[in-house]
1. Just to be sure I understand the filter: pairs with C-beta atoms under 6 Å, separated by 6 or more residues or on different chains, first member in segment 65-91 and more than 15 Å from I172 (Cα to Cα) and modelled with pLDDT under 95, second member among the aromatic types (F, W, Y) and surrounded by fewer than 11 Cβ atoms within 10 Å (Cβ to Cβ). Which pairs pass?
2. Restricting attention to segment 313-358, which residues are of a type outside the set (A, V, I, L, M) and under 11 Å from the mean Cα position of the chain (by Cα)?
3. Please state which one of V8, V111 is part of a strand (DSSP E or B) and touching a Gly at 6+ places or on another chain (Cβ under 6 Å).
4. Of all the residues that make up segment 283-297, how many are in a loop (DSSP other than H, G, I, E, B) and either among the β-branched types (V, I, T) or touching a helix residue (DSSP H, G or I) at 6+ places or on another chain (Cβ under 9 Å) (or both)?
5. For segment 388-466, give me every one of the helices (runs of 4 or more DSSP H) that falls completely inside it and has 2 or more residues that are assigned by TED's automatic domain parsing to the domain that holds E355 and touching a residue at least 60 places away in the same chain (Cβ under 8 Å).
6. Looking at segment 295-317, which of its residues are aliphatic (A, V, I, L, M) and surrounded by fewer than 19 Cβ atoms within 10 Å (Cβ to Cβ)?
7. Which residue out of R439, R387, R416 is modelled with pLDDT of 95 or more, at positive phi and basic (K, R)?
8. Within segment 233-275, which residues are within 24 Å of L167 (Cβ to Cβ) and under 23 Å from the mean Cα position of the chain (by Cα)?
Amino acid sequence: MSKYDVAVIGSGPGGYVAAIRCAQLGMKTAIIEKYNTLGGTCLNVGCIPSKALLDSSHHYEQAIKHFEEHGIDIPGEVKINFKKMIERKASVVDQTTKGIDFLMNKNKIDVYTGMGSFKDATHIEIKGEKNETIEAANTIIATGSKPGTLPFITLDKERVITSTEALSLTEIPKHMVVVGGGVIGLELGQVYRRLGAEVSVVEYMDRIIPTMDKAQSKELTKVMKKQGVKFFLSHRVSGVERNGNEVIVTATDKKDKEVTFSGDYCLVSVGRRAYTDGLKAENAGVKITERGQVEVNDHLQSNVKNIYAIGDVVRGAMLAHKASEEGSFVAEVIAGQKPHINYNLIPGVVYTWPEVASVGKTEEQLIEAKVDYKSGQFPMRALGRSRASGDTDGFVKILSDAKTDEVLGAHMVGARAADLIAEMVVAMEFRASAEDIARMSHAHPTYAEAVKEAALAATDDRALHI
């Protein structure tokens, strides 16, 4: 029987990073993955393939809507080769997962393919092409999450689908009804809207991306409506039925009136659920919550002292980069170090175009907590760089403490917001004031100038270009 200092169950961005960090710290490490490719949901059926399709569909939309204004004439009709688009997505995934294989080899991490489950607190059974058992002094559970659904919805994975199936369709839908106005529904809804599908988003709350700042929800709704996406907010879905190639979605609006939506596909994107199925955590004595998550302390340690858990399978935002941070964190805890994660400063991003990004507290949270704050906002349309590229939608908003001027939150909608938010994470990690950012030189012309201008606006309303 092979013995390890650490065994990691699950190879997503949390699991494989945890394994690498453990190996770097001198621990003999194994990683167990039930699928034939490493990388988990993110690399195989999540972050990476969705971004590949977002990029391809964005190129198509630019070609049919904006090339002419840039002086680019394309003779003949611009056509979609959807099969090739999906093939490119698969190629990007393949390259990325092979990169994880390389990293496992480089760091001398043993990879086991099969379903890992606890025999007891120090032994893990692996059921795959061959069944075997390994011994691990420490185990990190990184089994991630699966798409959630509603009790009355039957996912047939053909017409009533999750994000997994939406990434590998063989045709462009005529009308895709999206149940849920969160990150996944909006990203994939925008992909298929660009490719010509009618898209209707049915959302239970009174706004889309409800966990982000209200100003971002309002701006993204406005922009996506211009792009042709239809929104039905404050609608409670009560039924999803398939009839041949037609799917009927029934909902109740805010006036308690029943309405129906008919489409050829229904994308169910109502969040994700922690995945601990088949783990046999009870054999090791590990407590699982009612939500299916592993119960952990501040060190991400379960009630069994040598078993830890990270990523989507524990409390907190279900984000790949959060899982990666936790993977490194736990490896360092096991090694006797004292790492730190500031959960308030883990950014959230929606990869629509324009992109949406946030870090820290929203304005609604500060109001609820009765924090005296200042707000500075700057529109992207006032930037020379935005006008040059034609990406004038959006804004940057910075919230700072009214007394100390420390930045408490940053919220943006616009081109490259996913990259711009990193500046705010760095600033807030060092507890910068809005004036600190306002006094930093930002290259011209760049989108990042909007960050400087928003910081100026938060510093006694000193924005220069509005």
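1. none
2. Selection gives H321, K322, P347, G348, Y351.
3. Just a single option satisfies the conditions, and that option is V8.
4. Qualifying residue count, segment 283-297: 6.
5. It comes to 417-429, 449-458.
6. V304, A317
7. Just one listed residue meets the conditions, R416.
8. Within segment 233-275, Y265, C266, L267, V268, S269, V270, G271, R272, R273, A274, Y275 meet the criteria.
The values are calculated or read from the model by the stated rules, or taken from the named source; none is laboratory data. All of these numbers come straight from a predicted model, not from anything done at the bench. Cβ sites come from the backbone with ideal geometry, for glycine too, and all protein chains shown count toward neighbours.
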